[in-house]
Amino acid sequence: MMEPALITVEGVNKHFGAHHVLRDVTTHFNGGEVTAILGASGSGKSTLLRMLNRLETHDSGRIVVDGIEVRDDARALEKLRTEVGMVFQQFNLFPHLTVLDNITLAPRRVRRMDRAAAGARAFELLERVGLRAHAHKHPFQLSGGQQQRVAIARSLAMQPKVLLFDEPTSALDPEMVKEVLDVMKQLARSGMTMLVVTHEMGFAREVADRVLFLDQGRIAADAPPADFFGAQGNERIRAFLGQIGH
């Protein structure tokens, strides 16, 4: 018997004023799957991603994440946000806290972990992202790539079922992109469910199980990378790939 999808999106619409950002979007995401979400700027990629943990509301349709309907219900939202981790473009670390405190804050407050257990888990995660030696530094003492790796460790500390990445490398200098992508590749190999809005075509081609391409608020393609990057029949997708230099 097939496992039910971890995330279901049914007939979702979103407007920002007169602008119809997402148009009747229906799709699903399975556990253990890595999905690269691609599309031109303004196609609705980040909006779709942000709706999955209610950072953005949808106007109509239905979103269900691991059995939790995404809506304005405080208890449901709290549960949802323990299941869904998010890594932002701009890191969003607390500047006044050390790396260790940034990672342990949510597990202690939300999951009620004691300080010792949260600290032990944080050191394990810092080891995993190659930053154990930096545990007692503040974010300003780290490079952009290091800050983004801390942000990934912070999301993992909540032991989420799914990780959302919103253009995680676009604010980084080119030489720092690889260190973040390497951590993400390692996560993908470990079986983490990941939805990644990205312009990194190499990552999408090599690591993703599927590519979702949004065009003017609609899903224009949903295919394995080999098919998406292969003999592409869709003219708009060909133009996008030509522009981005895949």
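The values are calculated or read from the model by the stated rules, or taken from the named source; none is laboratory data. Just so you know, these numbers come straight off a predicted model, no measurement behind them. We place every Cβ from the backbone using ideal geometry, glycine too, and count neighbours over all the protein chains shown. Just so you know, the surface numbers come from the protein's heavy atoms only, side chains and all, with ligands and any DNA or RNA stripped out. Shrake-Rupley method; radii C 1.70, N 1.55, O 1.52, S 1.80 Å.
Observations
- The set of residues in the stretch 1-15 being at pLDDT below 95 and open to solvent by 60 Å² or more (accessible area, probe 1.4 Å) consists of MET1, MET2, GLU3, PRO4.
- Extreme residue, farthest from GLU33 (Cα to Cα), among residues of the stretch 201-246 that are at pLDDT below 90 and of a type in the set (S, T, N, Q): GLN243
- You will find that of THR26, THR35, THR47, THR8, the residue that is touching a Gly at 6+ places or on another chain (Cβ under 8 Å) and among the hydroxyl-bearing types (Ser, Thr, Tyr) is THR26 and no other.
- Every pair of residues 6+ apart whose Cβ atoms lie under 6 Å, when the first sits in the stretch 67-87 and is modelled with pLDDT of 90 or more while the second is in a loop (DSSP other than H, G, I, E, B) and open to solvent by 70 Å² or more (accessible area, probe 1.4 Å): GLU83/LYS161
A quick yes/no check of all residues on (1) among the hydroxyl-bearing types (Ser, Thr, Tyr); (2) open to solvent by less than 30 Å² (accessible area, probe 1.4 Å); (3) under 23 Å from ALA153 (Cβ atoms):
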{"residue": "ALA18", "(1), (2), (3)": "no, no, no"}
{"residue": "SER41", "(1), (2), (3)": "yes, no, no"}
{"residue": "MET51", "(1), (2), (3)": "no, yes, no"}
{"residue": "SER60", "(1), (2), (3)": "yes, no, no"}
{"residue": "VAL64", "(1), (2), (3)": "no, yes, no"}
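- Matching residues, the stretch 191-200, being open to solvent by 60 Å² or more (accessible area, probe 1.4 Å) and modelled with pLDDT of 95 or more: none
- Test: residue in the stretch 23-36 that is among the aromatic types (Phe, Trp, Tyr), touching a residue at least 24 places away in the same chain (Cβ under 8 Å), buried (at least 20 other Cβ atoms within 10 Å of the Cβ) and not in a loop (DSSP other than H, G, I, E, B): yes
For every residue, the table says whether it meets (1) of a type outside the set (A, V, I, L, M); (2) open to solvent by less than 40 Å² (accessible area, probe 1.4 Å); (3) assigned to a helix (DSSP H, G or I).
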position: ILE152; (1), (2), (3): no, yes, yes
position: PHE165; (1), (2), (3): yes, yes, no
position: VAL180; (1), (2), (3): no, yes, yes
position: VAL183; (1), (2), (3): no, yes, yes
position: GLN186; (1), (2), (3): yes, no, yes
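- In the stretch 102-119, the residues that are of a type outside the set (A, V, I, L, M) and open to solvent by 40 Å² or more (accessible area, probe 1.4 Å): ARG108, ARG109, ARG111, ARG112, ASP114, ARG115
- Condition met for ALA122 (buried (at least 17 other Cβ atoms within 10 Å of the Cβ), small (Gly, Ala, Ser) and in contact (Cβ under 8 Å) with a residue 40 or more places away in the chain): no
- Top-ranked residue in the stretch 201-222 [being more than 23 Å from HIS19 (Cβ to Cβ) and touching a Gly at 6+ places or on another chain (Cβ under 9 Å); ranked as most open to solvent (accessible area, probe 1.4 Å)]: ASP209
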